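The values are calculated or read from the model by the stated rules, or taken from the named source; none is laboratory data. Only a predicted model underlies this, so the values are computations on that prediction, with no experimental measurement involved. No Cβ is skipped: glycine too gets one built from the backbone with ideal geometry, and neighbour counts run over all protein chains shown. Heavy atoms of the whole protein, side chains included, go into the accessibility calculation; ligands, DNA and RNA do not. Shrake-Rupley method; radii C 1.70, N 1.55, O 1.52, S 1.80 Å.
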Amino acid sequence: MSRLTWAALGAATQPFLTATVQASSINTSSGWNMPAGVTEISREVFGLHMTIFWICVAIAVVVFGVMFYSLIAYRKSKGASAAHFHENTVVEILWTAVPMVILVLMAVPATATLKKMYDTSQADIDILVTGYQWRWRYEYLENDVEFFSNLATPREQIHGTQAKGNNYLVEVDEAMVVPTGQKIRLLLTANDVIHSWWVPDLAVKKDAIPGFVNETWFEVDEPGVYRGQCAELCGSGHAMMPIEVRAVTPEDYAVWLESKRDAAAAEAAGAGREWSMDELMERGEATYATYCAACHQPNGKGVPPAFPALAGEGISVDPDALEDHKQIVLHGRSGTAMAAFGENLSPSEIAAVITYERNAWGNETGDEVQPAEIQAMLESE
């Protein structure tokens, strides 16, 4: 049975409090139960969960009621003696048939819901979702829109120097935006290790596995912001890989798509001009904070030996290592945790972050990398 099947059955059958502990902080649940959610499927799953919960309660009341009545009414101090019987055909048939009937009654509606969950046909919008350590990339396949979604919680909150916000560790810089009333098909994969895209309010939990493409879907009825997290332990930054889905009206969705296309055009145009040092440092600082600080730390001191320091030592201050610095940022370093950013960041972002690393924290090499240089390197490969 697939993981989705188990997940769906789990959502419908797991004990009351287990779902509460996992879901209370990031969705619309009351904090005492799993959420009913905002899709037709999520409401069906919630209905199954409650139906089976009350069946279990009824069984518990009958079984424990008979047991405690027998313990009290026929206790040894009143002179009762235990009856001994074997091979009672009627009893054996009853304790086999009754549970079987109950299981069949529960399985019929659960199977009907599972069939709907697996039906990804006739989708209105296809989105490729790729998991990275530790962010999500969304690519709208028919609309030429793609972007990374990164954790937006300030590091001051994470390090305890600032009070935690309401959406601590479940807020992002770029949310997945979808229109209401349309079927959204997600194609999920991963770039490095196994991740899992999980949004309780949508009743969606699907693994993103390197080399495989899994499918799932949802359709949101009403506008809103729905949050989730990676549900597969994927490394030291696993807890910093939130998911945010913004459901908007179809009219607002069209406006958002147009704004993303304009931003992409402006980004592409930026690679063709010469940037000042101030522009590179400003853009580089923001890019470093989003993509590099989790490993190399905001102060550039790193966490040796896994994540080497960039401040005052190593490749960032070596005047003869500028080309190596570019190659490592573009292609990563084999055998280490250093990822390749050549396909994930724009030439402007790569040029800016290299310039920033070579001139921040007192490095002051004076080296300046222009986006056009990075663009030329990428085109020559």
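Checking the stretch 165-176 against the condition returns no match, with no residue being assigned to a helix (DSSP H, G or I), open to solvent by 60 Å² or more (accessible area, probe 1.4 Å) and modelled with pLDDT under 95. Candidates are the residues of the stretch 353-381 that are hydroxyl-bearing (Ser, Thr, Tyr) and not in a loop (DSSP other than H, G, I, E, B); the one that is farthest from Ala311 (Cα to Cα) is Ser380.
Thr336 meets the conditions (1) closer than 25 Å to Cys230 by Cα; (2) part of a helix (DSSP H, G or I) in every case but one. The failed one is (2). Among the residues of the stretch 339-352, those that are open to solvent by 20 Å² or more (accessible area, probe 1.4 Å), assigned to a loop (DSSP other than H, G, I, E, B) and not small (Gly, Ala, Ser) comprise Phe341, Glu343, Asn344.
When restricted to residues that are among the β-branched types (Val, Ile, Thr), in contact (Cβ under 8 Å) with a residue 40 or more places away in the chain and part of a strand (DSSP E or B), the stretch 178-235 contains 6. Consider Ala107 carefully, then state whether it is among the hydrophobic types (A, V, I, L, M, F, W, C), under 30 Å from Ile209 (Cα atoms) and modelled with pLDDT under 95. Against the criterion (among the hydrophobic types (A, V, I, L, M, F, W, C), under 30 Å from Ile209 (Cα atoms) and modelled with pLDDT under 95), Ala107 qualifies. Could you tell me whether the stretch 113-120 includes any residue that is surrounded by fewer than 17 Cβ atoms within 10 Å (Cβ to Cβ), part of a helix (DSSP H, G or I) and among the β-branched types (Val, Ile, Thr)? Taking every residue of the stretch 113-120 in turn, none turns out to be surrounded by fewer than 17 Cβ atoms within 10 Å (Cβ to Cβ), part of a helix (DSSP H, G or I) and among the β-branched types (Val, Ile, Thr). For the stretch 203-213, taking the residues that are within 14 Å of the chain's Cα centre (by Cα) and under 17 Å from Leu128 (Cα atoms), the one that is most open to solvent (accessible area, probe 1.4 Å) is identified as Lys205. Pairs meeting the criteria (first residue in the stretch 135-159 and assigned to a strand (DSSP E or B), second residue surrounded by 15 or more Cβ atoms within 10 Å (Cβ to Cβ) and of a type in the set (Gly, Ala, Ser), beta carbons under 7 Å, at least 6 apart or on different chains) are Arg135/Ser149; Trp136/Ser149; Tyr138/Ser149; Ser149/Ala175.
Quick one: would you say Leu128 is in a strand (DSSP E or B) and either over 18 Å from Val225 (Cα atoms) or open to solvent by 50 Å² or more (accessible area, probe 1.4 Å) (or both)? The answer is yes for Leu128. Listed by first and then second residue, the pairs linking a residue in the stretch 278-296 that is over 13 Å from Arg155 (Cβ atoms) to a residue that is of a type in the set (D, E, K, R), with Cβ atoms under 7 Å apart and 6 or more places separating them unless they lie on different chains, are Leu280/Glu368; Arg283/Glu349; Thr287/Glu349.
Checked against the criterion of being farther than 20 Å from Val369 by Cα, among the small types (Gly, Ala, Ser) and more than 26 Å from the chain's Cα centre (by Cα), the stretch 285-301 has no qualifying residue. How about the stretch 226-237: which of its residues are farther than 11 Å from Leu151 by Cα and open to solvent by less than 60 Å² (accessible area, probe 1.4 Å)? Once the filter is applied, which keeps residues that are farther than 11 Å from Leu151 by Cα and open to solvent by less than 60 Å² (accessible area, probe 1.4 Å), the stretch 226-237 yields Tyr226, Arg227, Gly228, Cys230, Ala231, Glu232, Cys234, Gly235. Glu44 passes every criterion in (1) surrounded by fewer than 15 Cβ atoms within 10 Å (Cβ to Cβ); (2) at pLDDT 90 or above apart from (1).
Report whether or not Ala271 is within 23 Å of Gly235 (Cβ to Cβ), touching a residue at least 60 places away in the same chain (Cβ under 8 Å), aliphatic (A, V, I, L, M) and surrounded by 13 or more Cβ atoms within 10 Å (Cβ to Cβ). Against the criterion (within 23 Å of Gly235 (Cβ to Cβ), touching a residue at least 60 places away in the same chain (Cβ under 8 Å), aliphatic (A, V, I, L, M) and surrounded by 13 or more Cβ atoms within 10 Å (Cβ to Cβ)), Ala271 does not qualify. Scanning the stretch 364-381 for residues that are in contact (Cβ under 8 Å) with a residue 60 or more places away in the chain, within 24 Å of Lys301 (Cα to Cα) and either of a type in the set (Phe, Trp, Tyr) or open to solvent by less than 50 Å² (accessible area, probe 1.4 Å) (or both) turns up just one, Val369.
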